[in-house]
Amino acid sequence: MASNPTVSGSAQFTNQPRHIHRFSRTERTLHWVHAAAFFVLLGSGLVLYLPSLSGLVGRRPFVKDVHFDTGLAWMVAIALIVLLGDRRGLRTTVRELDAFDRDDRLWLRRLPRPQGRFNAGQKLNAALTASFAVLFAVSGVLLWYGERNNSFRFASTILLHDGLMYVSLVVLVGHLYLALIYPSTRHALRGITTGSVRTSWAREHHSKWVDERYPPPK
Amino acid sequence: METPQERPPEDSRPYGRRAFLGVTALGLTSLFWGKAAWNAFSGVARPLENALPSSIFPGWRIYTVASTMPTFDPATWRLRIEGLVDRPQTLTYDQLRSLPRAQQISDFHCVTGWSVDHVHWGGVRFSDLLAAAGPQSAGTVLQFVSAEYPYVDTLTLQQAELHDAMLAYEMDGKPLSREHGAPVRVVIPEMYGYKNVKWVERIVVTDHVDSGYWEQRGYDIDAFVGKSNGL
């Protein structure tokens, strides 16, 4: 990168703006709708699940309604955002998330390799989040219908729904740590709220992506 | 149409979709093997499970149908036994506790799939409970009316006289707690939890089976564990 000996630091990239656009409006809406629904579902779910909270809050039928209705609203909202949002952009994003190149595979083995707009860990997190969303929805609907109709009842549904909750909590703690506390990564929060991040930060963490947008001087 | 620039580089591998499909398939198939695997695992993991605070892994879930849980006041609480009996009874908490005491350790199974093993119950067998009232010969069914309105369910007298069925007032060595149905609940380990009526305040001896709260919503009337409700 520092091929020109007369300049140093970020000053060498005279063609790049101070900030770089990382997440589209559609992507950010998806993220925050999913996050908000997750917290409401987690809170109401824990009241249904933990005896101490059930005893404290009472009103189980009401909490159950909140949990069901939020689950339903979450599915509808996600579908609407995908349908009405920037679908072309989302398709590109999905392709990005799917593809693990050689650098990604080495990065996962903790080697310091340059990364694209998403690093390999973020790609895995996205895959896991998407598959958990499907599994939460399927097991949730089965729990709901199983209450009325035997053919929807499986002995393991509740185990799956609870298991997903426990694993999600662990992943969420890691996600929050990196997004809010860990100094070198927490700037990413700006990207998912405003859409853009500091170009210098992006060059440090996602250099392949920045290089693609603003090729470094040869 | 994909432009050449959008095509992933030569060395790229579709790990993203593999992770997604793999985890999704694992989760969906677990509907069929999850519980068996969990049972095998929890035998091994029991020491670990016991070491964890019960507030994180409680085992129990508290199901209620009304907006508030009944509150137990020993001074005013009464258990009424009525219907097709020779001598209707109204028992105070102390009178109930002075009846012959039975205890047992049994597993508790919920129809939704969770179980709590080795629960220690203390209470009264139904034959001892009903002795003073004297059910008439036509009275073949017990209807349990909960203080949690409108929860209600029934057992035939024959079911209630299974060797390990009881009206319990103690759980794990302590008086039954509020969320478990204080002061008394039905315990019938052969059947799913919804037949184990909590907060019982009235037992009506009748000659016919009426649908209970969950049975009006599609659950089986005879709720034998592993042999009912499609399980």
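State all residues of region B:116-134 that are buried (at least 19 other Cβ atoms within 10 Å of the Cβ) and not β-branched (Val, Ile, Thr); if no residue qualifies, say none. Give the steps one after another, and end with the answer.
Let us first name the residues in region B:116-134 that are buried (at least 19 other Cβ atoms within 10 Å of the Cβ), namely B:119, B:121-126, B:129-130, B:133.
Within region B:116-134, B:121, B:122, B:123, B:125, B:126, B:129, B:130, B:133 meet the criteria.
Taking the criterion of being modelled with pLDDT under 90, more than 15 Å from residue A:100 (Cα to Cα) and outside the structural domain of residue B:114 (by TED's automatic domain parsing), would at least one residue in region B:21-34 satisfy it?
So in region B:21-34, the residues modelled with pLDDT under 90 come out as none.
The answer is no, given that none of the residues of region B:21-34 is modelled with pLDDT under 90, more than 15 Å from residue A:100 (Cα to Cα) and outside the structural domain of residue B:114 (by TED's automatic domain parsing).
Against the condition in contact with a Gly (Cβ under 9 Å, 6 or more places away or on another chain), aromatic (Phe, Trp, Tyr), surrounded by 18 or more Cβ atoms within 10 Å (Cβ to Cβ) and in a loop (DSSP other than H, G, I, E, B), how does residue A:132 come out, does it pass? Lay out the reasoning, then the answer.
On the way: in contact with a Gly (Cβ under 9 Å, 6 or more places away or on another chain): yes; aromatic (Phe, Trp, Tyr): yes; surrounded by 18 or more Cβ atoms within 10 Å (Cβ to Cβ): yes; in a loop (DSSP other than H, G, I, E, B): no.
Answer is no for this residue.
All but one of (1) in contact (Cβ under 8 Å) with a residue 40 or more places away in the chain; (2) of a type outside the set (A, V, I, L, M, F, W, C); (3) within 12 Å of another protein chain (Cβ to nearest Cβ) hold for residue A:193; which doesn't?
Status for residue A:193: all satisfied but (3).
For region B:154-188, what are the residues that are crowded, with 21+ Cβ neighbours inside 10 Å and either assigned to a loop (DSSP other than H, G, I, E, B) or not assigned by TED's automatic domain parsing to the domain that holds residue B:87 (or both)?
Scanning region B:154-188 gives B:165, B:176, B:181, B:182, B:183, B:184, B:188.
Just to check your reading of the model, which residue among A:166, A:145, A:177 is among the aromatic types (Phe, Trp, Tyr), part of a helix (DSSP H, G or I), within 23 Å of the chain's Cα centre (by Cα) and within 14 Å of chain B (Cβ to nearest Cβ)? Don't jump to the end; show me each part of the working.
Working: A:145 fails: within 23 Å of the chain's Cα centre (by Cα); A:177 fails: within 14 Å of chain B (Cβ to nearest Cβ).
Of the residues listed, the single one that is among the aromatic types (Phe, Trp, Tyr), part of a helix (DSSP H, G or I), within 23 Å of the chain's Cα centre (by Cα) and within 14 Å of chain B (Cβ to nearest Cβ) is A:166.
If you check residue A:95 against the conditions, is it under 20 Å from the mean Cα position of the chain (by Cα), within 11 Å of chain B (Cβ to nearest Cβ) and at pLDDT 95 or above?
On the way: under 20 Å from the mean Cα position of the chain (by Cα): yes; within 11 Å of chain B (Cβ to nearest Cβ): yes; at pLDDT 95 or above: yes.
For residue A:95, the condition - under 20 Å from the mean Cα position of the chain (by Cα), within 11 Å of chain B (Cβ to nearest Cβ) and at pLDDT 95 or above - is met.
How many of the residues in region A:54-63 are surrounded by 18 or more Cβ atoms within 10 Å (Cβ to Cβ) and either among the charged types (D, E, K, R) or more than 7 Å from chain B (Cβ to nearest Cβ) (or both)?
So the answer is 2.
Which count do you get for residues in region A:109-138 that are facing chain B (nearest Cβ under 9 Å) and more than 23 Å from residue A:160 (Cα to Cα)?
Matching residues across region A:109-138 total 2.
Given the conditions (1) closer than 27 Å to residue A:213 by Cα; (2) within 16 Å of the chain's Cα centre (by Cα), report the number of the one that residue A:134 does not fulfil.
(1)
Yes or no: region A:24-33 includes at least one residue that is over 30 Å from residue B:213 (Cα atoms), assigned to a loop (DSSP other than H, G, I, E, B), in contact with a helix residue (DSSP H, G or I) (Cβ under 6 Å, 6 or more places away or on another chain) and at pLDDT 85 or above.
Initially, region A:24-33 is screened for residues over 30 Å from residue B:213 (Cα atoms), giving A:24-33.
Filter again for assigned to a loop (DSSP other than H, G, I, E, B), leaving A:24.
Now restrict to residues that are in contact with a helix residue (DSSP H, G or I) (Cβ under 6 Å, 6 or more places away or on another chain): A:24.
Imposing the further condition that a residue be at pLDDT 85 or above reduces the set to A:24.
Within region A:24-33 (the criterion being over 30 Å from residue B:213 (Cα atoms), assigned to a loop (DSSP other than H, G, I, E, B), in contact with a helix residue (DSSP H, G or I) (Cβ under 6 Å, 6 or more places away or on another chain) and at pLDDT 85 or above), the answer is yes, since at least one residue qualifies.
The values are calculated or read from the model by the stated rules, or taken from the named source; none is laboratory data. This one's a predicted model, so the numbers in the text were calculated from it and none came from an experiment. Note: ideal-geometry Cβ built from the backbone for every residue, glycine included; neighbour counts use all protein chains shown.
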